[in-house]
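Below is one structure; the comments refer to it alone.
The values are calculated or read from the model by the stated rules, or taken from the named source; none is laboratory data. Because the structure is a prediction, the values reported are computed rather than measured. Here Cβ is always computed from backbone atoms with ideal geometry, including for glycine, and neighbour counts include all displayed protein chains. Please note that ligands, DNA and RNA were not included when accessible areas were found on the heavy atoms of the full protein model with its side chains. Shrake-Rupley method; radii C 1.70, N 1.55, O 1.52, S 1.80 Å.
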Amino acid sequence: MDWFQQLGFLCFVFYTKTPYPEVSITLKQPNQFCFALNGKTRCITLHKNVNWPCVVKIVADIGKVQVKLIKKVLGLWPTFGTLTTTRNIQIDYWKCELLNSFDVTPNAKFLLFKYQQNLYNHVYPGRHIYIKANVNGQVVSRPYTPVWPLVETTEYGIISEDTLCLLVKSYPNGKLSRHLCSLNQGDLIEVSRPQGSFECWTSKTNLILLAAGTGITPMLPIIWNALHSSIKKYNITLLYFNKKETCIIWKKYLDQKSAAYSSRLTVHYILSEEENSMGDTKGHIDESVITKYFPTLNEESLNEHAVCVCGPPGFNKLCEK
């Protein structure tokens, strides 16, 4: 661990030497800073008090984590404080309260939550969390992928480091999805630690993403991280399937991102229930779509490509076929 400071802030730098480390950070007291890296927890009693939230910068490919804390009072400290080890306490779920909700499509919402504790819980692309809530007297839990807009925007206000962002589509028979989309400001849910270990895409340089409906949610963090990687240059083709153009989630952000990275990100919108005004194919996933939009692969180039699929079960099975 290294640290450095200026009058207004101090930074801690951790070298986990593990690509895509698990990172959880909390400020238990104004002068008590705790961090868990890959399951190992340490606490620092700081020399003086700091503010929350922190600012976290992670170089995921090499496992470098930098945490910036803002000092409550300007000044240089003679020391950062004292470092102690702590008994690892497994926390299965944290409580989060709804800050705000926004309509994205006629049946999908963008929900912003804040942890009740001063907590930063990093969820890497390819991993997910479980959301748990009491729905009509029954505890219901489902996996969700945290997401954020692909571009800088003020449409949803200021999204801070410790904000949990979810895209949720309300399904007629979805107990939890309908409950989440009906929440009011201040209502509570419970959120698990990050789960999963889907990292196959990080070993490739060409990504082909097949998404249907809200299956776009795990693709968005992959797109953002791949385009902003400081270690490797990725090329991405996204085939995004929906019934109608009004069903496309965050189309304007996808269009802005593909325009900014035109040589590395290509997006095709494929609609099944109306003619496509964007010039792409109308229909469903089938061999003709694969033939039209997939690059020509040979044994040598095949090792450079990863194909990621997410959507309803029927869509996933067709893609695999």
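If you take the residues in segment 206-236 that are hydroxyl-bearing (Ser, Thr, Tyr) and within 28 Å of GLY314 (Cα to Cα), which one is farthest from the chain's Cα centre (by Cα)? Ranking the candidates gives THR214 first. Close Cβ contacts (under 6 Å, 6 or more residues apart or on different chains) running from residues in segment 95-121 that are farther than 28 Å from LEU37 by Cβ to residues that are of a type in the set (S, T, N, Q) and surrounded by fewer than 19 Cβ atoms within 10 Å (Cβ to Cβ) comprise LEU98/GLN185; ASN107/SER170. In segment 117-148, which residue that is part of a loop (DSSP other than H, G, I, E, B) and closer than 21 Å to PHE102 by Cα is most open to solvent (accessible area, probe 1.4 Å)? Selected residue: TRP148. Hey, can you tell me all the residues within segment 163-182 that are in a loop (DSSP other than H, G, I, E, B) and open to solvent by 20 Å² or more (accessible area, probe 1.4 Å)? Matches in segment 163-182: SER170, TYR171, PRO172, ASN173, SER182.
Residues in segment 100-111 that are touching a Cys at 6+ places or on another chain (Cβ under 6 Å) and not polar (S, T, N, Q): LYS109 alone.
From the list LEU76, LEU27, LEU7, LEU83, the one residue that fits, being surrounded by 17 or more Cβ atoms within 10 Å (Cβ to Cβ) and among the hydrophobic types (A, V, I, L, M, F, W, C), is LEU27. The requirement of being without any contact (Cβ under 8 Å) to a residue 60 or more places away in the chain, over 20 Å from the mean Cα position of the chain (by Cα), surrounded by fewer than 17 Cβ atoms within 10 Å (Cβ to Cβ) and assigned to a helix (DSSP H, G or I) is not satisfied by LYS252.
The combined condition, being assigned to a strand (DSSP E or B), among the hydrophobic types (A, V, I, L, M, F, W, C), surrounded by fewer than 15 Cβ atoms within 10 Å (Cβ to Cβ) and modelled with pLDDT of 90 or more, is fulfilled by ILE70.
So is ILE285 assigned to a loop (DSSP other than H, G, I, E, B) and of a type outside the set (Phe, Trp, Tyr) or not?
Yes: the conditions hold for ILE285.
When LEU271, LEU297 are checked against the criterion of being touching a strand residue (DSSP E or B) at 6+ places or on another chain (Cβ under 8 Å) and either open to solvent by 30 Å² or more (accessible area, probe 1.4 Å) or within 27 Å of GLU152 (Cβ to Cβ) (or both), LEU297 stands alone in meeting it. Applying the set (1) exposed (fewer than 11 other Cβ atoms within 10 Å of the Cβ); (2) in a loop (DSSP other than H, G, I, E, B); (3) modelled with pLDDT of 80 or more to THR291 leaves exactly one unmet item: (2).
For segment 183-202, filtering for residues that are in contact with a Leu (Cβ under 8 Å, 6 or more places away or on another chain), under 18 Å from LYS132 (Cβ atoms) and open to solvent by less than 30 Å² (accessible area, probe 1.4 Å) leaves 3. Which residues, taken from segment 52-61, are surrounded by 15 or more Cβ atoms within 10 Å (Cβ to Cβ), among the hydrophobic types (A, V, I, L, M, F, W, C) and either more than 19 Å from ILE159 (Cβ to Cβ) or under 20 Å from the mean Cα position of the chain (by Cα) (or both)? Within segment 52-61, CYS54, VAL56, ILE58, ALA60 qualify. When THR41, THR18 are checked against the criterion of being in a loop (DSSP other than H, G, I, E, B) and of a type in the set (S, T, N, Q), a single residue qualifies: THR18. For segment 233-240, the condition holds for at least one residue, the condition being that it is out of contact with any Asp or Glu (no Cβ under 6 Å at 6 or more places or on another chain) and touching a residue at least 40 places away in the same chain (Cβ under 8 Å).
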